[in-house]
1. Of all the C-alpha pairs in the chain, what % are more than 52 Å from each other?
2. Roughly speaking, to the nearest percent, how much of the chain's 1.4 Å accessible area is carbon and sulfur?
3. Give me the distance in nm between label points sitting 7 Å out from Cα along the Cα-to-Cβ direction at Ile149 and Ala23, one decimal.
4. Just how many pairs of Lys in the chain have C-alpha atoms closer than 22 Å, counting pairs that are eight or more places apart or on different chains?
5. Given labels modelled 7 Å from the Cα in the Cβ direction, how far is it in nm from Leu481 to Asp169?
6. Only loop residues by DSSP count here, and only those with at most 12 other Cβ atoms within 10 Å; note down the GluC sites (Glu not before Pro) in segment 58-150 that meet that.
7. Taking the Cα centre of segment 130-246 as the origin, how large is its charge dipole in debye, to the nearest 20, when only Lys and Arg (+1) and Asp and Glu (-1) carry charge on their Cβ atoms?
8. Name the residue from Ser308, Leu28, Ala384 whose Cα lies farthest towards the positive end of the charge dipole of the chain, charges +1 on Cβ of Lys and Arg and -1 on Cβ of Asp and Glu.
Amino acid sequence: MTNDRTKSSEDGYELWLRYLPVADAERLEAYRSVVRCIVSRATSPTLSVALKELRSGLQGLLDWSIPITDDLNQPGTLVVGTPENHPEIDALQLDEDLAAVNDEGYVIRSTSYNGHPCIAIAAHTDTGVLYGVFAFLRHLQTHQPLQDIRIVSSPRTKIRMLNHWDNLDGTIERGYAGFSLWDWHKLPDYLSPRYTDYARANASIGINGASLTNVNANSLILTKPYLQKAAALADVFRPYGIRVFLTARFSAPIEIGGLTTADPLDAEVIAWWRGKAQEIYDIIPDFGGFVVKANSEGQPGPHDYNRSHSDGANLLAEAIAPFGGVVIWRAFVYDSDIPDDRAKQAYDDLVPQDGTFHKNVLLQVKNGPIDFQTREPYHPLFGAMPQTPLMLELQITQEYLGCATHLVYLAPLFKETLDADTYCYGRGSLVAYVVDGSMDDHDISGMAGVANTGSDRNWCGHPCAAANWYAFGRLAWDHTLSAETIAEEWLHMTFSNDSRFVQPATTMMITSRQAVVNYMTPLGLHHIMARGHHYGPGPWVEGGRPDWTSLYYHQADEEGIGFDRTPEGSNAVSHYFPPYREELANLETCPENLLLWFHHVLWDHRMKSGRTLWDELCCKYNEGVEQVRQMQHTWNALVDFVDPARFIHVQVLLSIQEQEARWWRDACLLYFQTFSQLPIPDEYEQPAESLEYYMNLSHYFVPGIPERRF
Ligand code: BDP
């Protein structure tokens, strides 16, 4: 049995908030018997949107109109609120559970009032209530039983934010789902209904921050007219518990302030940022803070004045501190003038500055030391800066993972980083505990995801890409959730509750991450994509900035392939704590999925499979293609469970993915073969075209090309 509109077509706009009627009559009856009316008082904008969501959700799911009442003396009430706005909550025996949750947490529990059974959705704050409402609706959407329900949940990280790389001209750097959601031209007057739906979707997964603009920032965003536009968005987001952040261009005092310098120690510069902070908070009273990319990829920063990153971060932090804002300073810093392995540069620069950042500064660290590749070792800054709160930055948009045409479910990648053991305090010192602040007792903590949203009707381009937005939010709330659980939840709510759909589709999604690794960059290969737009393979990319070429990273030659980061090479392994460091440094113990990240390996090196490295490379690339074919096979068998529009959309994109997986495989193997001089074993498909053909392919107007003008 399915509860879906299998015959009609959907466009994906509703994301995971479809609230379709529960089709299973028995379950529907069970729900209806315990949820008969809502007892709640909308005493704030947040409670009012919570109540609205609850009513429309229940109306959809239970297919009836739920009355709102004041009377708790009847069976089947859903009591929703905080002890403050709803004093009766004190009589519901929730004290122990409420004591266990933090300010944004919630309790959902079967209890009773004067002998009448009821269910409470309670929290300390209105935002907590809103999160509880969404969790309750998720419970119903995924067809969980309501009997004796008891959910006690708090977010593990404090700042759970999306980073939009949106430009003021409406384009999105590395965006593959259309143009920016923010219609700057019509703001602040016209408020698209999408802003509210965006906020609802975020709140439903606990996201509480949105940085609206590209990290390659444009100073104009800090001028009054743009601040007023941002304020209009902040007004829409506020009831949903979402605070607005903006990217600050370090040279803004020159560009929009008329100063001749942006030196962080210059008195006029200090005064300018203080004045700017005051102006911002006058316009957006709950402004979250600044996100800053400095001295990286051509962006201005404190190094331009021989000052340190902490000098730069502290300048902004001091300006914003009186208003309760934070500075999120990105650790994605590297410089082609530094003659050292790019993977080491952020660590070498920032670790000595541990302890010098102000209390309201967080360092935002990408999951790996290079740049959002299909697989990276965790960033060694995690665990190495105990005195500084480190945020984790993940990329939800699929810049290096097939844009919006490849179905790649990213929760396994996110989890791989979160669950990685830094060993900084011995075994069990997981990256997740650095990120949630518990490892070193930090008051602030956070996770940022580079958004994949855009103006496409279905928000994220690929009908399955919204799973990555969803997974990011769920993991930022609770990093202990498994990738499978999150996939199942999302599939239930997005497509169908039928286990004949959910089970195979979950397997397909989980496999998809390893598939993309295999057909793009197996065995620890990295950064071998086409130049600039990053669409398709480009292992031959050379010339220009060495650290933007592929040759720099794969180091292929007649003898072998891979970047030697052992003590004999760049010694990047020294940034990891023992015993992981030794494990990585030793060719025999280095995990094979990171082998070529850390070692330059001979073509005839014997792998655990018994194959030589060359044969293993051929095997992995082919396995990736086969995995995509298996995904196609799985999807085709699910035709009866999905509406035709979304079914066909995914089906066609999978066929593009299969072609592109072959493209990656054939181009990379042919290119690496020029070094190995070895045949592609007969058991595998042989390349369809010549190497020259692949090298001569040009692609125009690929979406997401950077725009960096002031
Ligand atoms: C790289 C992107 C570039 C971003 C940069 C960043 O190619 O467009 O500006 O990351 O994170 O992966 O700053």
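1. So the pairs more than 52 Å apart make up 11 percent of the total in the chain.
2. C and S fraction of accessible area: 50 percent.
3. That separation, rounded to one decimal, is 2.2 nm.
4. Within the chain, the lysine pair count is 17.
5. 3.8 nm
6. Values: sites: Glu84, Glu88, Glu96, Glu104; in loops: Glu84, Glu104.
Here the GluC sites (Glu not before Pro) that fit, given the DSSP loop and packing criteria, are Glu84.
7. Values: 13 positive and 8 negative charges, 80 e Å.
Value, rounded to 20: 380 debye.
8. Leu28
The values are calculated or read from the model by the stated rules, or taken from the named source; none is laboratory data. Keep in mind that this is a model prediction, so the values were computed, not measured. Every residue, glycine among them, receives a Cβ derived from its backbone with ideal geometry; neighbour counts consider all protein chains shown. The accessibility values were calculated without ligands, DNA or RNA, using every heavy atom of the protein model including side chains. Shrake-Rupley method; radii C 1.70, N 1.55, O 1.52, S 1.80 Å.
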